[in-house]
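The values are calculated or read from the model by the stated rules, or taken from the named source; none is laboratory data. Keep in mind that this is a model prediction, so the values were computed, not measured. Here Cβ is always computed from backbone atoms with ideal geometry, including for glycine, and neighbour counts include all displayed protein chains. To get the accessible areas, we keep the full protein, side chains included, count just its heavy atoms, and leave off ligands, DNA and RNA. Shrake-Rupley method; radii C 1.70, N 1.55, O 1.52, S 1.80 Å.
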Amino acid sequence: MSEFFIRNIWLVILLPAIGTVVLHFFGRRIGQPIAGWIASTMIGLSFFVGLIAAVPLFQGTAEAHVAHVFNWIPALGATAELLWDPLSALMVLVVAGVGTLIHIYAIGYMHGDERFTRFFVYMNLFATSMLTLVLANNFAVLFVGWELVGLCSYLLISFWYVRPSAAAAGKKAFIVNRIGDFGFLIGLMIIFSTFGTLSYTTVLDDPGKLLGAGTATAVGLLLLVGATGKSAQLPLYVWLPDAMEGPTPVSALIHAATMVTAGVFMIARTSSIYALSDTASIVVATIGALTAFYAATIAMAQTDIKRVLAYSTISQLGYMFLGVGSAAYVAGVFHLMTHAFFKALLFLGAGAVIHGMSDEQDILKMGGLWSKMKTTGVTMAVATLAISGIPPFAGFWSKDEILSSAFARGGWWVVLWAIGLVTAGLTAFYMTRWFVLTFLGEPRWDDGIHPHEAPKVMTVPLMVLAALATVGGLINTPFKAGLEHFLEPSFKHLTSAPAGATVWLLAAVSVAVALVGIGVAWRLYSRTDRAEETWTWSIPALWRRMGHAYYMDDVYGTLLVAPGKLVAAWSAFVFDKKVIDGIVNGTGTIVRRIGAALRPLQSGFVRSYALTIAAGAVGFVIWFLATGGL
Amino acid sequence: MTELVLFFLFGALAIVGALAVVFAKNPVRSAMGLILTMLSLAVFYVVQSAYFVAAVQVIVYAGAVMTLFLFVIMLIGVDRSEDLKERIPWQRPLRYVLGLVVLGVVVAVIVGNDWSWVTGISNLTETPVGSAEAIGEGLFTKWVLPFEATSLLLIVAAVGAIALAYFPAKRKERE
Amino acid sequence: MTVTAGWYMTLAAVLFSIGALGILMRRNAVVMFMCIELMLNAVNLTFIAAGQELRDLTGQLAVFFVLVVAAAEVVVGLAIIVAVFRNRKTASVDEFNELKG
């Protein structure tokens, strides 16, 4: 059976696609909530197929398999081919698995929404696109998936499009992504011109043969630009906080667990190219570390329950970039997986809170929800501990593997390790603040709100994810590097995870830092009984700036958006009106003038015509005589 | 010898008739000139052993067609002279020039005397006699298709002419 | 000197150019028609002469057909002239210039 599914791995993509089409055409008739169950089933089946197809890979007995679906653009080396190897298998399981849980949750969350079925059309379409992206065997199919997930992100962020802020957020996401895609495309073009094809088998097998160090750096940096856009790193992260306008399941699925990890996945996939260029790898890791720190500081000052998580996502993605940048690909992918678990959990929990609080999203107006929403509270506590890096929860193992790999490389990498360490403390701080302000302390909510627990269809996925966040980390510990062995065939230039006493020492240090962060936040916030920030680092100005994300949006607006609008206005009113219309109308005028000039030839006098005919005939004869031909 | 005399005599007559066609003020005189030319040409046909064609030329062309012309001239009115005012003055010199050029060109072709491009010749050794038998034989074997086509053409022309004449102009009805 | 085919053809050329001149010169529609007939006759003479030269009966057969077609053409053309004349009461072609642009 595994053989069958491996050969027909495209089923994984087809199943949610069927869901999309069926719900698109028949959604209205199927109605809620059956449409939601159909969508969840399709993606659940994808997970199932992936699981069975992955069994030989688990046993370590299978080779990477390329499934050929159809010929597409042979000239580019772009055929519709899917690659089934440990890395893509892991991604499929994470995407489809977490995705199924989120789909089920969304049945409850989106209950009563007017466009319920349309929501699931988009969700299944997203699943199709993301699975295409991770299963691709050449850059062209990857890019197709890449663009499609961007489209779905736009559709789902601006789902409640009647709200202007939602529509604007959707546009912002798409446009910023496009900027990243520009770099990505140029990188692909360089790849194509060097290798003559876009297929992974040719390009990634041994790129060193054709790719010099300089070109490899260029390609690496250009692909990084694309990854920065998709995975919200500096400087193209600005769309992610605004993307919280979308429904919470969207935030959980796309902007936490799956789409934003596409950039990390892409860098991991092209690891053999990054191995050729130290410069590019250092840039990747540095951007990751800096973004992690930067986003963590902003998260500390946010008061919207989802925005804290949004900046947290950006920060954790920074960790993943740090991981793949230091050639610790397994660590980076491992953190991708654990982050999917606890971040999706956090978002879904936030959604449960929002749902129970009648759409209130300001954490300063919450508090004391522990007694009212037990299940949510417990799962959120688990998630907070996981993301803070407390053992034995999942986040500890993955984050620490990244940090120790960075440390082990020495030199500049130690600086990055230090940044990552500090950020870990900040992470623990702001997550604890988030949890405490929401669930503990005295109730601070407005009158008329009656917090209640979410229905089973929402809390069961929470519990499943909490379980995963607890034990998920154990698949790759210094005791037994299970994931590393599993992923080994996918990465040819693997630096094996460091082991030994240093690792434990570093681990102890990071746990200590995390505990400090938790402790500080606990002291500061657990006694808050007023709906305002009671402690602002004694520097109100700095705190305000952090709260407004350092006003980066305004900076971009003045630097980039305003000139763009000027160019657009010039093009429309000057260039289009005067030049283009001038040419078109001018052509018409010229034709008319020529016609007027030629009109007198038709005088109406037969004899003039006869003269012309005779002259023409004579001309012909003379010509024939002159050229001697007939 | 005989042929030479005939050539010069009837050639001159033919040219006189042609000039009459072009330069006579009275259309009837033009028609007469044309008949003279046609008869001269009939003589030339006989000289060249095209007996049947000569006969047809006299009977049909000079006899029937020219009679038709005369009928029409009679109908249209012979005493009406042309409107002498010249409307396109710049054409006058051009005409004469063109006439001369046409003549020059054709003569050049003849003087060149190159017959090699003609196709479909049967290459007999002696000049064929254009008797009724010979013409008939060619007409109904090798050239039967054009024969049938032209007979169709004649019917169509006759019907067309009748149609044109039968339906009077609308203006006449209103009068 | 003998009369060769070339002589006849020269004569025909002269007749042809006289006819061409006539078309360009005259304004009476019927006379223009007669000039066309003149040109056709000149062509007939050419055909016969060529038939003589090339020793083929095709020349005379061609004349036959030209004759027939010319007759048909005269019939229709004169019918048109008569019809037009009924409307306009003039046979001068310069008057019929409605088709100018």
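In table form, for the structure just shown:
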item	result
Qualifying positions in the stretch C:45-57 - without any contact (Cβ under 8 Å) to a residue 40 or more places away in the chain, in a helix (DSSP H, G or I) and either small (Gly, Ala, Ser) or at the interface with chain B (Cβ under 7 Å from one of its Cβ atoms) (or both)	C:LEU45, C:GLY51, C:LEU54
Criterion violated by C:VAL31 - all others in (1) over 16 Å from B:VAL53 (Cβ atoms); (2) among the aliphatic types (A, V, I, L, M); (3) free of Cβ contacts under 8 Å to residues at least 12 places away in the same chain; (4) surrounded by fewer than 22 Cβ atoms within 10 Å (Cβ to Cβ) satisfied	(4)
Test: A:GLY547 is at pLDDT 85 or above and within 18 Å of A:ARG433 (Cβ to Cβ)	no
Whichever residue in the stretch A:29-44 is over 24 Å from A:MET91 (Cα atoms) and hydrophobic (A, V, I, L, M, F, W, C) and, among such residues, is surrounded by the fewest Cβ atoms within 10 Å (Cβ to Cβ)	A:ILE34
Selected residue [open to solvent by less than 10 Å² (accessible area, probe 1.4 Å) and touching a strand residue (DSSP E or B) at 6+ places or on another chain (Cβ under 6 Å)] from A:PHE342, A:PHE321, A:PHE347, A:PHE334	A:PHE334
Matching residues in the stretch B:128-146 - criterion: being modelled with pLDDT of 90 or more, more than 8 Å from chain C (Cβ to nearest Cβ) and surrounded by 13 or more Cβ atoms within 10 Å (Cβ to Cβ)	none
Filter result for A:GLY557 (in a helix (DSSP H, G or I), open to solvent by less than 40 Å² (accessible area, probe 1.4 Å) and closer than 30 Å to A:TYR294 by Cα)	yes
Condition broken by A:THR100, with the remaining ones in (1) of a type in the set (S, T, N, Q); (2) touching a Leu at 6+ places or on another chain (Cβ under 8 Å); (3) under 30 Å from A:ARG7 (Cβ atoms) satisfied	(2)
Residue match in the stretch C:72-83 (condition: within 14 Å of chain A (Cβ to nearest Cβ) and open to solvent by less than 30 Å² (accessible area, probe 1.4 Å))	yes
Answer from A:PHE4, A:PHE47, A:PHE26, A:PHE58 - the residue that is surrounded by 17 or more Cβ atoms within 10 Å (Cβ to Cβ) and not charged (D, E, K, R)	A:PHE47
Matching option when the condition is open to solvent by 10 Å² or more (accessible area, probe 1.4 Å) and not in a helix (DSSP H, G or I), among A:GLU114, A:GLU147	A:GLU114
Matching option when the condition is facing chain B (nearest Cβ under 7 Å) and touching a Pro at 6+ places or on another chain (Cβ under 6 Å), among C:VAL14, C:VAL31	C:VAL31
Options A:ILE314, A:ILE387: the member that is under 24 Å from A:LEU524 (Cα atoms), among the aliphatic types (A, V, I, L, M) and open to solvent by less than 10 Å² (accessible area, probe 1.4 Å)	A:ILE387
Subset of the stretch A:303-317 [touching a strand residue (DSSP E or B) at 6+ places or on another chain (Cβ under 9 Å) and more than 14 Å from A:LEU348 (Cβ to Cβ)]	A:THR303, A:ASP304, A:ALA310
Boolean, B:ALA55 is modelled with pLDDT of 90 or more and open to solvent by less than 20 Å² (accessible area, probe 1.4 Å)	no
Any chance A:THR79 is out of contact with any helix residue (DSSP H, G or I) (no Cβ under 6 Å at 6 or more places or on another chain) and under 25 Å from A:HIS355 (Cβ atoms)	no
Residues of the stretch B:20-37 that turn out to be assigned to a helix (DSSP H, G or I) and crowded, with 16+ Cβ neighbours inside 10 Å, as a count	12
Condition met for B:ALA165 (modelled with pLDDT under 85 and farther than 30 Å from C:THR58 by Cβ)	yes
Candidate set: the stretch A:33-54, residues that are touching a residue at least 60 places away in the same chain (Cβ under 8 Å) and of a type in the set (A, V, I, L, M, F, W, C); chosen: the one farthest from A:THR20 (Cα to Cα)	A:TRP37
Residue in the stretch C:21-28 that is among the polar types (S, T, N, Q), at the interface with another protein chain (Cβ under 7 Å from one of its Cβ atoms), more than 12 Å from the chain's Cα centre (by Cα) and buried (at least 24 other Cβ atoms within 10 Å of the Cβ) present	no
Unmet criterion (only one of (1) surrounded by 11 or more Cβ atoms within 10 Å (Cβ to Cβ); (2) of a type in the set (Ser, Thr, Tyr); (3) modelled with pLDDT of 80 or more) for A:THR587	(1)
All positions within the stretch A:456-492 that are outside any helix (DSSP H, G or I) and open to solvent by less than 60 Å² (accessible area, probe 1.4 Å)	A:ASN476, A:THR477, A:ALA481, A:PHE491
Test: residue in the stretch A:161-184 that is buried (at least 24 other Cβ atoms within 10 Å of the Cβ) and over 17 Å from the mean Cα position of the chain (by Cα)	no
Test for A:THR79: is it among the hydroxyl-bearing types (Ser, Thr, Tyr), in contact with a strand residue (DSSP E or B) (Cβ under 6 Å, 6 or more places away or on another chain) and either outside any loop (DSSP other than H, G, I, E, B) or surrounded by 22 or more Cβ atoms within 10 Å (Cβ to Cβ) (or both)	yes
Candidate set: the stretch A:609-630, residues that are within 12 Å of chain C (Cβ to nearest Cβ) and touching a Leu at 6+ places or on another chain (Cβ under 9 Å); chosen: the one farthest from C:MET25 (Cα to Cα)	A:VAL618
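Okay, residues lined up against (1) farther than 30 Å from A:ILE157 by Cβ; (2) among the small types (Gly, Ala, Ser):
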residue	(1), (2)
A:THR197	yes, no
A:ASP206	yes, no
A:LEU210	yes, no
A:ALA227	no, yes
A:LEU236	no, no
A:GLU245	no, no
A:THR261	no, no
A:VAL264	no, no
A:ALA268	no, yes
